[in-house]
Structure formats: structure tokens, C-alpha cells
Amino acid sequence: MALRQIRTIGDDILNKKCKEIKEMTPRIKELIDDMFETLYDANGVGLAAPQVGVLKRLVIIDCGDDPHVLINPRIVETSGEQTGNEGCLSVPGKFGTVTRPNYVKVVFLDENMQPAELEGTELLARAICHELDHLDGNLYVDKVEGDLYENEEEE
């Protein structure tokens with residue numbers, strides 16, 4: 001496992017659409033392991049492959065309960081609404097208010113390339129939407145209501 005460099009806003013790769021993963025390869029397994037190591041090192045909740053420079057439809061999420069690996073994920077159902085602060089490892093030190101669904105159901109392939117689904121509310125729903133946006137080259141800053149602000153608690 002290795003830490004990967006997190007690409008930051010202004011890097012063109014963050015605005016590109018990712019390609020589907022056709023098969024699990026040793027390289028993809030290594031990418032998943034590296035992404036978890038990078039996520040935990042950065043104290044994040046989720047990470048998408050383009051954030052580490054790889055244009056593949058792969059997302060990892062860990063809201064503190066159970067780590068999830070989502071390959072070729074697709075949102076199939078949403079409901080409700082939540083508005084809250086959002087940040088991104090690719091937009092360091094900045095936060096903004098974003099409205100997202102409060103409930104999300106996503107279908108994807110797991111690490112064994114088997115079909116799976118995940119339902120989430122609140123933080124997990126927000127993380128799913130945020131990370132899947134990355135796969136289509138979209139950043140949360142485009143959805144911010146009002147201005148971005150600095151986290152004043154960080155030193």
C-alpha cells in the first residue's frame with residue numbers, strides 16, 4: 001500500500017468523466033488499497049479515483065461504520081433533502097453549504113465484481129452523492145449555495 005497524491009482544484013483530471021471498470025485486476029486492487037490508505041491519512045470520509053489521478057469509476061467511502069468500495073456506481077433512488085456544510089480533500093481548507101438528498105440508493109459492483117446495492121441517509125447519502133459527482137468531473141464547489149469559507153478550527 002502507498003499514499004497517493006490527492007489532486008486539488010485546478011487540476012484538469014478533476015473535470016474529466018471516468019471510464020467504467022471492466023474487470024478486477026491486481027492494479028485495481030492495489031488502487032483500492034492505496035485509496036483507503038490515502039483517505040485515512042487525510043482524515044476524509046470518501047475518495048474517488050480521479051482525486052488520485054485515475055480516471056476510473058471507483059469510489060471508497062468510510063463514514064466510521066463500515067468501509068465501502070463502489071465500482072461503477074449509479075444512483076437509482078433519492079428522496080428528501082438535507083442542507084449542510086461540505087468540504088473536499090481536493091479543495092483543502094474550504095467549505096460550503098450544499099443541498100443534497102437525505103436518502104440515496106446506489107447500485108454498484110463490489111470488490112469481487114458482484115452486483116451490490118447500498119442505501120444511505122444523512123452523512124452517507126451526502127458522501128455517496130459527493131463522490132459520485134467526482135466520477136463525472138463535477139466538484140461540490142459548483143453546487144455551493146453562497147460563498148466558500150475557510151475552516152477556522154484548523155490550525
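Each value in this text was obtained by applying a stated rule to the coordinates, not by laboratory testing. Not measured: the values here are computed from a predicted model. Using ideal geometry, Cβ is built from the backbone for each residue, glycine included, and neighbour counts are taken over all protein chains shown.
For the range 9-25, the Karplus equation 6.51 cos²θ - 1.76 cosθ + 1.60, evaluated at θ = phi - 60°, returns couplings of 3, x, 6, 4, 4, 6, 10, 9, 7, 8, 9, 5, 8, 8, 8, 7, 10 Hz by residue, with Gly and Pro reported as x.
The phi-based Karplus calculation (6.51 cos²θ - 1.76 cosθ + 1.60; θ = phi - 60°) puts the 3J(HN,Hα) values of the range 100-117 at 9, x, 8, 10, 9, 10, 10, 10, 6, 9, 8, 4, 9, 6, 9, x, 8, 9 Hz, whole numbers, x for Gly and Pro.
As a quick test, which of the pairs Lys22/Lys143; Lys22/Lys56; Lys29/Lys94; Lys56/Lys143 have an alpha carbon distance above 20 angstrom in this structure?
On the way: Lys22/Lys143 31 Å; Lys22/Lys56 10 Å; Lys29/Lys94 31 Å; Lys56/Lys143 23 Å.
Checking Cα-Cα distances, Lys22/Lys143; Lys29/Lys94; Lys56/Lys143 exceed 20 Å.
The trypsin sites (Lys or Arg not before Pro) found in the range 47-150 include none that occupy coil by DSSP while having at most 14 further C-beta atoms within 10 Å.
For Leu148, no residue 5 or more places off, or on another chain, has a built amide H under 5 Å of its own. For the chain, the Kirkwood estimate of the hydrodynamic radius, built from every pair of different alpha carbons, is 15.6 Å. For the range 41-76 versus the range 1-18, the spacing of their alpha-carbon centroids is 13 Å. Sequence-ordered 3J(HN,Hα) estimates for the range 66-80 from the Karplus curve with 6.51, -1.76 and 1.60 and θ = phi - 60° stand at 8, x, 10, 10, 10, 9, 6, x, 8, 6, 10, 7, 9, 7, x Hz, glycine and proline given as x.
Ignoring everything except DSSP H segments at least 4 long, calculate the 222 nm mean residue ellipticity for the chain; use -39,500 (n - 2.57) per segment, divide by total residues, nearest 500.
Working: 2 runs with 30 residues, N = 155.
Theoretical 222 nm ellipticity from helices: -6500 deg cm²/dmol.
Applying the criteria of a DSSP loop state and at most 11 other Cβ atoms within 10 Å to the GluC sites (Glu not before Pro) of the range 87-147 yields no site. In this structure the amide hydrogen of Lys56, modeled in the peptide plane, comes within under 5 Å of the amide hydrogens of Lys19, none closer than 5 places in sequence on its chain.
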